[in-house]
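No value in this document is a laboratory result; all are computed from the given coordinates. Keep in mind it's a predicted model, so treat the numbers as computed, not measured.
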Amino acid sequence: MPDARIDAYISKAQPFARPILTEVRKRLHAAVPGLEETIKWNAPFYLFDGRIFASTAGFKAHVKVLLWNPEFKSAMPQSRDVESLEELPSASEFAKQVKACAAAFRATAPEPKPAKKKAAPAKKKSVSKK
């Protein structure tokens, strides 16, 4: 689902960056349907099962596109600085890279936490009348 904050971010970006940010956003969603959009650290982020999957950021002279490693605590994300649409990989190559990243995320998905058992309600003691 599109996040209006990302629309606003793109609309305020440098003119050269707008088509890049828009195209990367479109390609991410095409390659991995269901990504969640959000803003973190004042930039667009895309979440996969609640984990940071990709991010973009527009700067004065380039756009940074990052595909995050599912083990990002121990490895840096893959990044690319782009100054024009032509510098992006082809749509099919980009999709291939994004799908490979999604496969790595699926493979490292954290185990679901077991549901906590609810304690049985305490029985009320009956008071006997004498």
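Some points to look at:
- Span from the segment 43-63 Cα centroid across to the segment 1-21 one, whole angstrom: 11 Å
- Full-extension gain in nm, residue 26 to residue 85, via 0.36 nm per residue minus C-alpha separation: 20.0 nm
- As computed over segment 4-107, the Cα convex hull volume per residue (Å³): 95 Å³
- Restraint check, 40/64; 12/60; 40/99; 60/99; 26/64; 12/99, Cα-Cα greater than 18 Å: 40/99; 60/99; 12/99
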